[in-house]
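Here is the structure we will look at.
Values quoted throughout were computed directly from the atomic coordinates according to the rules given, and no laboratory measurement underlies them. As the structure is a computational prediction, the values presented were derived from the model and not from experiment. Glycine also receives a Cβ, built like all others from the backbone with ideal geometry; neighbour counts cover every protein chain displayed.
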């Protein structure tokens, strides 16, 4: 009888422990110590790393090949852009550097870094149940993300007017695919932020759902980290 | 057992602790987030200034790459809480899994890069 009571108490204690170690919305924690949701999200981000790694590698290889052909004067490559456009500058500088407006892109980078700060402050606010600041920072982050996208649209339009399009040569395809994919990811992040904002406005984003905000934050910071790489590799290193 | 459920169901996270994800551990404070942001902005400004110095080759590229890696680590470690998660959770298993995946991904890219380089240079 005593053994049965002890076993029952053990079972109850174990059950209690299970609940205490669960994430609020992530279910049972994994053997890594993370919740299932968070671990799954990290795996998703791992696959995203492979995607952007492939895109950055493709860009670097395509750029090297493109510049080699431009310097060699290959008519099949040089003829892909109208005369008097960027192609002449590419040939003269032996790089694609002249097409970039570094001060403008630096400002875009600042905007995206600022948005990452807004995201962590939103997560911090929701963790302590501060609804007002959660909404303020979610809105700020979404607006800064939109500003970044606006800057990218402006930049793409400028390149198009200067003769570089998605289809006219290998370099254009690689550049627009890489930066375009990043822009699509930022847009996806903005939609997630707006969804969180609506949840908050409807009173469904409380402190016990902080992990939801943290997961969206992980995605947003990942997009920021990818831009850190793109900014240096694509824009700053000739 | 009912009490245990009641305790678990009303277990609200402490302001300074992160209670989601099945572990309770401290995350950076808002002041620390602002400091990291300031460092990121300063590093970005230095990067841009460095690119305008007119340097070439490794003198240009190496510092830019170092600053890029520092920025990457700051965002991943502090903003994404990776540094704090790795300290608080089942460290050895996670570190091995994370490290081996990172090494594998790096190796794949090195091989792909090498293959393309050889192909472009006509070595095979």
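Axis angle, to the nearest 10 degrees, between helix A:170-201 and the longest C-alpha principal axis of chain A: 30 degrees. Partner shielding of B:56-63 amounts to 1, given as the average count of beta-carbon atoms from other chains within 10 Å of each residue beta-carbon.
Each of A:224, A:208, A:101, A:130 was scored by other Cβ atoms within 10 Å of its Cβ. Listed from fewest to most, they are A:101, A:130, A:208, A:224. This ranking places A:135, A:202 by how few other beta-carbon atoms lie within 10 Å of each, fewest first, which gives A:202, A:135.
Among A:216, A:223, B:108, a tally of other beta-carbon atoms within 10 Å of each Cβ gives an order, fewest to most, of B:108, A:216, A:223. Note that chain A shows a convex hull volume over its alpha carbon atoms of 131 Å³ per residue.
Taking every residue in A:198-209 and counting other chain Cβ atoms within 10 Å of its Cβ, the average works out to 1. If the elastic network links every pair of Cα atoms under 10 Å, which of A:76, A:206, A:168 fluctuates the most in the Gaussian network model of chain A? The residue with the greatest mean-square fluctuation here is A:76. Against the longest principal axis of chain A, how steep is helix A:131-161, in degrees 0 to 90 to the nearest 10, with axes from Cα atoms? Compared with the principal axis, the helix lies near 20 degrees. Take every pair of alpha-carbon atoms less than 8 Å apart whose residues are at least six positions apart; their mean separation over the length of chain A yields a relative contact order of 25 percent.
Inter-chain neighbour count for A:105-118: the average number of beta-carbon atoms from partner chains within 10 Å of each residue's beta-carbon is 4.
Mind checking the angle between helix A:36-72 and chain A's longest principal axis? C-alpha axes, 0 to 90 degrees, to the nearest 10. Roughly 10 degrees, rounded to the nearest 10.
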